[in-house]
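Okay, so here's the structure we're looking at.
Taken together, the values in this text are just the output of simple stated rules run on the coordinates, not laboratory data. In this text, all values refer to a predicted model and were calculated from it rather than measured experimentally. All Cβ positions, glycine included, derive from the backbone under ideal geometry; neighbour counts span all protein chains shown.
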Ligand SMILES: NC(=O)c1ccc[n+]([C@@H]2O[C@H](COP(=O)([O-])OP(=O)(O)OC[C@H]3O[C@@H](n4cnc5c(N)ncnc54)[C@H](OP(=O)(O)O)[C@@H]3O)[C@@H](O)[C@H]2O)c1
């Protein structure tokens, strides 16, 4: 059982590597610079000494990806840039997301990999401006690429094009490919650097902005996402796309929950009402057997981790 995980040192990928190692998998993890201290946590995972091999690989360097994927039965393609704020140059996101995914899939065909799991996003589903209010979005929904371009939402565009092209590549190359589309990923971190989605929660706790919008948050716990990735990899019945969202909560209720659990933080002072967000269904994944923890547990474990790492000071 030998698998490759791209971007192994990232927030979601680190939890996946931990889960795979705990189940006895041998993991080829790709990182851009194996000597960087920010990957130290990977070497400390249970079974890492015997079963984790780190490969230096950039998504845009095909040869480096081929070396990492060689000999693997499965590939989890998790790596993709996730910026904390808007980026002006679309290519910064599009190239690694789209060309990078193509490189991983080509290398997987070359290595005769049995199944590839690609991490997409709700960003590849949700950007549909004329979607009827309140109607549930499922895996048949695709973000409107033209709308992503006109609103200059390059992250959403990068995930939409990358996933669409991945599914097309798989069908023309007879590659067994499953995609997962998580919502906002939260929970305790294994890595020492703060990733973009954890920063959303950290900023709420620190009251970085006095006023926030009452947006709808579609949350998944990072540990439940790791379980979802393994489930769609191991379950023969899995196919196509899977939305991975466990809780829908608006910002006001999320702050209320955090205040109950942790009353002493500097929460935003005012909340502005905005149009209600979209509603999604993770029924397809639940029918496959996916279960998830409560949002209270996610928040408690995330905040306790931030406290222990002194990230809220
Ligand atoms: N966080 C969320 O809320 C969220 C929601 C939906 C979907 N997703 C998707 O989930 C996946 C993981 O996200 P995350 O939150 O775990 O983000 P993260 O912690 O920022 O991890 C992203 C990873 O991508 C790697 N990467 C970026 N550009 C690369 C390149 N050119 N070559 C090689 N590696 C590259 C980074 O490597 P380095 O360590 O070298 O920088 C990092 O390991 C992404 O595909 C993201 O789009 C995230």
Between 0 and 90°, nearest 10: helix 154-172 axis offset from the chain longest Cα axis: 30 degrees
Looking at the chain as a GNM with Cα springs under 10 Å, which of 20, 261, 167 has the largest mean-square fluctuation? 261
GNM of the chain, Cα pairs under 10 angstrom: of 35, 197, 22, the biggest fluctuation goes to 35
Relative contact order (percent) for the chain, with alpha-carbon contacts under 8 angstrom and 6 or more residues of separation? 18 percent
Sorted from largest to smallest, which semi-axis lengths in Å does the alpha carbon gyration tensor of the chain give for its equivalent ellipsoid, taking the root of 5 times each eigenvalue? 30, 24, 18
So what is Rg over Rh here for the range 58-114, counting just Cα atoms and using Kirkwood for Rh? 1.05
For the residues 255, 125, what sequence is obtained by ranking on other C-beta atoms within 10 Å, fewest first? 255, 125
Defining a contact as two alpha carbons under 8 Å apart and six or more residues distant in sequence, what relative contact order in percent does the range 124-195 show? 26 percent
Proportion of all alpha-carbon pairs of the range 206-256 beyond 14 Å (%): 64 percent
Let me know the shape class of the range 188-233, please: from the alpha-carbon gyration tensor, a ≥ b ≥ c as square roots of the eigenvalues, rounded when a/c is under 1.5, otherwise prolate if a/b is greater than b/c, or oblate. oblate
Using the C-alpha atoms of the range 69-150, what convex hull volume per residue, in cubic angstrom, is computed? 123 Å³
With an 8 Å Cα cut-off and a minimum separation of 6 or more residues, compute the relative contact order for the range 228-307 in percent. 47 percent
Please compute, over every Cα-Cα pair in the range 17-146, the percentage with a separation greater than 27 angstrom. 31 percent
Put one equal scatterer on each alpha carbon of the range 158-236, apply the Debye formula with no solvent term, and list log10 I(q)/I(0) at q = 0.22, 0.25, 0.26 1/Å to two decimals. -1.13, -1.23, -1.26
Descending principal axes extents, the range 230-313, alpha-carbon based, whole Å: 47, 35, 17
Mind grabbing the base-10 log of I(q)/I(0) for the range 158-313 at q = 0.11, 0.18 Å⁻¹? Debye formula, identical points on the C-alpha positions, no solvent, two decimal places. -0.51, -1.12
For the range 182-274, what D do you get in µm² per second when you plug the Kirkwood radius from alpha-carbon pairs into Stokes-Einstein at 10 °C and 1.306 mPa s? 107 µm²/s
From the Cα trace of the range 103-200, what convex hull volume per residue do you get, rounded to a whole Å³? 151 Å³
Tell me, rounded to the nearest percent, the portion of alpha carbon pairs in the range 1-82 spaced more than 19 Å apart. 25 percent
Could you rank the peptides 140-147, 152-159 by their average count of other C-beta atoms within 10 Å per residue, with the highest value first? 152-159, 140-147
What number, rounded to the nearest 500 deg cm²/dmol, is the helix-based mean residue ellipticity at 222 nm of the chain, given -39500 (n - 2.57) per DSSP H run of at least four residues and division by all its residues? -11000 deg cm²/dmol
